[in-house]
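What follows is a single structure, written as structure tokens, with notes after it.
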Amino acid sequence: MRKFILLAFFFHILSLCSTTAQDIIYARSCIKTLCSDNFYGRGYVNNGDKIAAQFIKEEFAAQKLLPLGENYFQSLGFPVVYYPDRVDIELDGQTVFAGHDFIMNPGCPNINGTFKVLVIDSAMVDNSAEFERISHLKLKNYFLVVDDLKGKTLSHPKRVKSILANEMHAKGLIYKNNESLVWSPAMEFAPFPILYFKKGVFPDLVLKMEIKIDAAHKIHGTQNVVGMIKGKIQPDSFIVFTAHYDHLGMMGKETIFPGANDNASGVAMMLDLARHYSKNPPAYSIVFIAFAAEEIGLIGSYYFTQNPLINLKKISLLINMDLMSTGDEGLTAVNATEFPDWFNNLKMCNSIGHYLPDISPRGKAQNSDHYYFTEAGVPSFFFYLRGNYHHYHDIEDTYEELTLSKYPETFQLMVDFANMRMGR
Ligand SMILES: [Zn+2]
């Protein structure tokens with residue numbers, strides 16, 4: 001009998017766990033899917049972001065979330081420069097690889113041709129005769145290597161400024177001593193090309209550089225993905241979980257930026273939370289928004305605040321999750337200083353649950369999708385995890401690199417914190 005009671009108790013606990021627990025296996029599979037080559041880095045080449053949006057929509061539908069917008073989609077568009085075709089460079093016949101060896105500046109315009117390379121050092125700038133000589137070269141046939149000038153106070157700051165602003169009309173500039181290759185998208189073409197090479201890649205002497213960069217421009221149609229679980233007691237009071245699903249896409253035909261930590265990790269946690277709440281219907285309504293076009297300037301979330309699908313005044317709390325794959329060093333809460341009572345609640349939840357080693361406050365910052373909601377008067381936080389992970393906007397931010405070491409703890413902290421919401 002006692003055995004039976006114990007067993008019954010055990011199954012009771014098990015059933016509790018199965019309805020309230022996070023599902024790290026599910027989260028991993030979401031991240032793996034979102035980072036796979038079939039999603040093209042969730043950017044603008046091959047409409048990778050649309051493929052990701054479709055995946056998220058299907059996950060929302062599988063959890064029977066109520067669709068907001070047009071069958072979960074809120075459409076929007078914006079201009080973008082993208083690189084669907086060739087991004088090829090050869091240095092004296094040696095191929096170097098986009099993403100691995102070099103990147104371009106955001107919005108880098110088309111380049112096609114063979115160019116000479118001129119290293120400009122500070123001595124050349126300081127020497128008037130030499131500077132005069134350079135000025136008379138046909139610089140449109142040259143790329144100028146300018147590492148030696150950047151950030152230095154030389155005796156001729158105007159000359160330095162004019163070189164770095166490319167007022168001498170070189171074909172483009174080169175920085176060759178970069179520790180990491182961090183890229184971003186752009187809406188419009190940059191005025192001239194800048195190439196950033198990884199330290200050690202660009203030889204001291206290059207006679208001939210062959211470059212073919214096919215830059216394209218379009219108005220890109222995209223969509224936020226929005227679903228809801230209706231509250232049992234207060235259906236018109238909302239808690240909102242958000243995460244951006246877009247990333248940088250591709251740089252040419254071969255190079256993909258998978259964006260595992262940024263932000264497949266946040267999307268996975270959001271989808272897992274949707275699963276959790278669909279099995280455990282909440283008292284208040286919970287809205288899940290996967291934002292498009294964060295990387296190009298918070299476009300998706302800005303659009304939502306201007307065209308809200310729910311009453312923004314009825315949002316009691318918005319939690320934006322971006323960069324959620326670590327946590328060994330703790331969590332940072334952007335907007336902590338804006339909403340100190342909420343922040344204290346967060347810390348309390350964390351100490352009661354013994355979840356993360358540290359919860360750090362940060363002030364207001366325009367650095368993710370919470371921002372325009374804060375501006376619209378919505379109590380909102382942006383949470384990111386800290387730990388031993390250093391890939392950011394580079395091609396090495398891959399699924400394989402993620403540990404998700406504090407995933408279960410963070411998930412539970414999100415649930416506990418959302419439970420403590422103050423009425424509004
Ligand atoms: Zn991000």
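The values are calculated or read from the model by the stated rules, or taken from the named source; none is laboratory data. The shown structure was predicted, so the numbers you read here are calculated from the model rather than taken from an experiment. Cβ coordinates were reconstructed from backbone atoms using ideal geometry, including for glycine residues, and neighbour counts include every protein chain displayed.
In region 219-228, the residue that is nearest to N367 (Cα to Cα) out of those that are surrounded by fewer than 24 Cβ atoms within 10 Å (Cβ to Cβ) and among the hydrophobic types (A, V, I, L, M, F, W, C) is I219. Can you list the strands (runs of 3 or more DSSP E) lying wholly within region 210-312 that have 1 or more residues being of a type in the set (A, V, I, L, M), within 15 Å of the ligand (Cβ to nearest atom) and within 16 Å of the chain's Cα centre (by Cα)? Here the list reads 234-244, 284-291. The lone criterion from (1) within 15 Å of the ligand (Cβ to nearest atom); (2) more than 30 Å from V81 (Cβ to Cβ); (3) hydroxyl-bearing (S, T, Y) left unmet by S351 is number (1). Do you know which residues across region 149-205 are among the polar types (S, T, N, Q), outside any loop (DSSP other than H, G, I, E, B) and over 16 Å from N105 (Cα atoms)? The one that is among the polar types (S, T, N, Q), outside any loop (DSSP other than H, G, I, E, B) and over 16 Å from N105 (Cα atoms): S162.
Within region 236-271, being without any contact (Cβ under 8 Å) to a residue 60 or more places away in the chain and touching a Leu at 6+ places or on another chain (Cβ under 9 Å) holds for one residue alone: G266.
Quick check: is even one residue across region 362-380 part of a helix (DSSP H, G or I) and surrounded by 23 or more Cβ atoms within 10 Å (Cβ to Cβ)?
Yes, region 362-380 contains a residue that is part of a helix (DSSP H, G or I) and surrounded by 23 or more Cβ atoms within 10 Å (Cβ to Cβ).
Close Cβ contacts (under 9 Å, 6 or more residues apart or on different chains) running from residues in region 75-96 that are of a type in the set (K, R) to residues that are surrounded by 18 or more Cβ atoms within 10 Å (Cβ to Cβ) and modelled with pLDDT of 95 or more comprise R86/I213; R86/G252.
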